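Structure record follows, encoded as structure tokens.
The values are calculated or read from the model by the stated rules, or taken from the named source; none is laboratory data. Computed from a prediction, not measured in an experiment: that's the story for all the values here. Reconstructed Cβ throughout: ideal geometry from the backbone, glycine too, with neighbour counts over all protein chains shown.
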């Protein structure tokens with residue numbers, strides 16, 4: 001009994017202290033208010049470009065029967081009712097409704113709340129989002145682009161549907177723990193350091209590393225779901241467990257044989273240099289890239305040519 | 001145009017519906033490899049058009065028309081016999097790259113063939129006009145190829 005009391009005297013404060021530290025470390029972080037002063041004054045026209053570059057409709061857009069032909073039909077893609085299931089090693093995430101519907105979507109949000117979701121992965125009630133929402137890439141976006149995107153999204157139609165809740169392993173249901181994960185992976189660091197990048201390369205870097213989040217699929221991850229930074233864009237098994245994602249570094253086992261024009265043209269048309277066509281989830285990405293300016297596609301190509309070549313791992 | 005479309009779709013339906021017809025051994029493998037050969041012919045003709053579209057070779061109206069007409073002829077061909085049930089990659093292994101969903105969700109795939117028919121018809125109409133028209137029609141064809149590959153072709 002005495003023994004037990006002694007143990008308890010020692011353990012309980014330790015657990016309590018651990019709890020306090022955990023609570024402290026996992027607390028949500030917000031973007032400072034003065035940075036967000038322009039959030040309600042974005043430019044909706046510029047926002048449309050960000051919308052396509054960011055691929056919001058590929059996840060939040062129409063699903064199932066409604067999705068048939070939606071990729072080719074621009075206005076169908078503006079209905080962001082969600083519902084799409086994303087398979088990951090941690091379970092299935094059902095993409096939420098982010099339409100302008102005030103009840104089922106995010107129509108009642110403020111610009112600041114939207115910015116904190118995009119840039120800090122924090123919801124209006126202060127909980128952490130799962131990185132199945134690729135905010136670790138969006139976090140590197142310019143606030144002005146987030147404001148423009150918000151202005152554009154407010155003009156999109158309302159969708160009055162709610163969706164299934166995520167079907168994920170029990171330990172991951174506790175969102176608070178994601179705070180620890182964010183400590184490791186949520187930052188503004190560049191994935192590649194260039195000496196004096198020119199304007200085009202810098203634009204390509206911004207699009208690939210942040211808005212267009214190419215690395216979310218093309219970079220392999222470690223067991224806790226963080227990027228394997230040394231293998232940036234080097235491809236690997238698909239995180240949804242189905243097939244492989246190609247290496248898009250300039251290594252011979254990647255895009256080494258693709259000229260800059262080949263890369264740029266593939267993003268415009270969906271054709272590889274052999275005139276096979278893209279398949280899988282890349283078809284949606286390509287349809288989005290086709291809606292950007294030729295100069296943005298070129299910037300992406302220039303960046304892909306400039307990153308470190310990394311050899312593919314044998315399958 | 002409509003009749004070609006209808007007969008193609010009918011032909012695909014007929015094969016999908018009339019499964020189990022007695023055919024010689026190895027016919028599934030043969031169908032899958034013939035199918036891949038057709039895909040290669042698509043690619044070959046698109047390669048001619050694409051080389052001009054992307055500026056790798058100079059635009060030539062006759063070459064462009066010929067390639068676009070070939071593509072349309074291939075797409076208009078009665079492809080029913082090339083798609084027998086059981087010629088998916090799960091049943092045949094590496095011989096094929098077709099998803100079993102082609103047959104389990106039939107007739108969803110006919111929408112994809114129709115989309116390619118629309119893209120190829122448009123291409124045949126405009127490829128010989130000028131470079132800009134050819135360039136403008138490439139995306140429609142690429143979207144149709146990718147639209148089918150996205151759902152019905154085995155992932156890389």
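Can you pull out every residue in region B:46-65 that is over 17 Å from residue B:143 (Cβ atoms) and not in a loop (DSSP other than H, G, I, E, B)? Result: B:47, B:48, B:51, B:52, B:61, B:62, B:63, B:64, B:65.
For region A:255-271, the criterion of being closer than 30 Å to residue A:89 by Cα, surrounded by fewer than 22 Cβ atoms within 10 Å (Cβ to Cβ) and out of contact with any helix residue (DSSP H, G or I) (no Cβ under 6 Å at 6 or more places or on another chain) is satisfied by no residue at all.
If you go through region B:42-61 and pick out every residue that is surrounded by 14 or more Cβ atoms within 10 Å (Cβ to Cβ) and within 11 Å of another protein chain (Cβ to nearest Cβ), you end up with 13. Of the residues making up region A:168-189, those that are free of Cβ contacts under 8 Å to residues at least 60 places away in the same chain and surrounded by 14 or more Cβ atoms within 10 Å (Cβ to Cβ) are A:175, A:181, A:185. Only one of the numbered conditions (1) touching a strand residue (DSSP E or B) at 6+ places or on another chain (Cβ under 7 Å); (2) facing chain B (nearest Cβ under 8 Å) is not met by residue A:235, and that is (2). The single condition from (1) at pLDDT below 95; (2) more than 18 Å from the chain's Cα centre (by Cα) that residue A:187 fails is (2).
Tell me, which helices (runs of 4 or more DSSP H) lie completely within region A:23-76 with 1 or more residues that are away from chain B (no Cβ under 14 Å), in contact with a strand residue (DSSP E or B) (Cβ under 9 Å, 6 or more places away or on another chain) and modelled with pLDDT of 95 or more?
Working: elements: A:44-54, A:56-60, A:64-67.
Here the list reads A:56-60.
For region A:157-167, the criterion of being buried (at least 16 other Cβ atoms within 10 Å of the Cβ) and assigned to a helix (DSSP H, G or I) is met by none of the residues. Would you point out the residue of region A:243-254, among those that are surrounded by 18 or more Cβ atoms within 10 Å (Cβ to Cβ) and in contact with a strand residue (DSSP E or B) (Cβ under 9 Å, 6 or more places away or on another chain), that is farthest from the other protein chains (Cβ to nearest Cβ)? Here the residue is A:247. Among the candidates A:228, A:240, A:276, A:284, the residue that is surrounded by fewer than 21 Cβ atoms within 10 Å (Cβ to Cβ) and within 8 Å of another protein chain (Cβ to nearest Cβ) is uniquely A:276. Report whether or not residue A:268 is within 8 Å of another protein chain (Cβ to nearest Cβ) and farther than 27 Å from residue A:59 by Cα. Taking the combined requirement at face value, the residue does not satisfy it. Taken over region A:31-45, the criterion of being closer than 18 Å to residue A:125 by Cα, in contact (Cβ under 8 Å) with a residue 24 or more places away in the chain and either exposed (fewer than 14 other Cβ atoms within 10 Å of the Cβ) or assigned by TED's automatic domain parsing to the domain that holds residue A:144 (or both) is satisfied by A:33 alone.
For residue A:91, are the conditions met, namely being crowded, with 22+ Cβ neighbours inside 10 Å, touching a strand residue (DSSP E or B) at 6+ places or on another chain (Cβ under 8 Å) and at positive phi? No; evaluated as a whole, the condition is false for this residue. Among the residues of region B:113-151, those that are touching a helix residue (DSSP H, G or I) at 6+ places or on another chain (Cβ under 6 Å), within 19 Å of residue B:74 (Cβ to Cβ) and facing chain A (nearest Cβ under 9 Å) comprise B:115, B:138, B:140, B:141, B:142, B:143, B:144, B:146, B:147, B:148. Here residue A:105 meets each of (1) free of Cβ contacts under 8 Å to residues at least 40 places away in the same chain; (2) part of a loop (DSSP other than H, G, I, E, B) with one exception, condition (1). When A:83, A:126, A:111 are checked against the criterion of being closer than 16 Å to residue A:157 by Cβ and either modelled with pLDDT of 95 or more or crowded, with 19+ Cβ neighbours inside 10 Å (or both), A:83 stands alone in meeting it.
One residue stands out in region B:146-156 among those that are touching a residue at least 24 places away in the same chain (Cβ under 8 Å) and not in a helix (DSSP H, G or I): the one that is surrounded by the most Cβ atoms within 10 Å (Cβ to Cβ), namely B:153.
In the set (1) at pLDDT 95 or above; (2) in a helix (DSSP H, G or I); (3) over 18 Å from residue A:274 (Cα atoms), the condition left unmet by residue B:71 is number (3).
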